[in-house]
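The values are calculated or read from the model by the stated rules, or taken from the named source; none is laboratory data. These numbers come from a predicted model, not from an experiment. Note that we place each Cβ from the backbone using ideal geometry, even for glycine, and neighbour counts take in every protein chain shown.
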Amino acid sequence: MLLMEMAFGLDSPVPFVQKNAMQSTGLPGWYSSPARLGEPSFGFSYWNVPEVADEWAMGAAGEWGNEGYRVSFFFYYSEMDSLFRESYGEWNAAYGLGPVVAGISYGTLLGWIPRETRWVRHRLKLGTAGRWGPLYGGFWTTGFTDESWSGWGSLSWMPSEMFSLSVGSNGRSLSLNHDFYFKYGRVSSFYSFPHFCVGVELVLNIKTLEWGATHGFGNGNLGWNGLWARKKLYLQKYDADF
């Protein structure tokens, strides 16, 4: 048995946090693939950019499913000083057949400048993924309906219950994530270049509860912080041999 849920990574719900979660499970976020295995849970998060006056965001996410299907959602609300407001909601659905998973998502973004103007945009994601023992690879494409789309490919390797490594690229930038697992948590780090991003994440894990803190630099070398909590609805294990 390989505990694939140990490769969980809470995705950032906001685009200003350049953290690409490439694992096979986990609550959805801005940069994640819709083609994931279901692991019933819900979570909440808070993110901010200290260098920018009062830029912060709060998010909530939840999902239901198993190795055969997944339905999930996330939502965030963001403010930047008194100048800008933004909210975004996204639904994901995935279906697994043997070692292959396919997924699709739809999101609506509402942005506005207080007392001036507002706008609505629509975002889609399409993805597919597969598992071969300790390997999990996938490809997904995403974009707003009023702009060109971009694609991501990734490969995750979990040779033991103590370590995992993920690498991904969108053709313009390369991302590398690695995780070290302990009895009651993990330490993760992630990098992206030449579009620069570097960060570290500390996670405390007690049975079905997880608490995490994230700090990183990116998006023009601006720093950002994140605090989050996640509650699994029950313990679940996936057998990596189909």
Open item on the list: Can you pull out every residue in segment 122-144 that is over 15 Å from residue 91 (Cα atoms) and either at pLDDT 95 or above or part of a strand (DSSP E or B) (or both)?
Closed with: 128, 129, 130, 131, 132, 135, 136, 137, 138, 139, 140, 141
- [ ] Pull up segment 205-233, narrow it to residues that are modelled with pLDDT of 90 or more and of a type in the set (Phe, Trp, Tyr), then point me to the one that is surrounded by the most Cβ atoms within 10 Å (Cβ to Cβ).
- [x] 228
Task: Of all residues in segment 141-162 being surrounded by fewer than 13 Cβ atoms within 10 Å (Cβ to Cβ) and of a type outside the set (A, V, I, L, M, F, W, C), the one that is nearest to the chain's Cα centre (by Cα) - done: 150
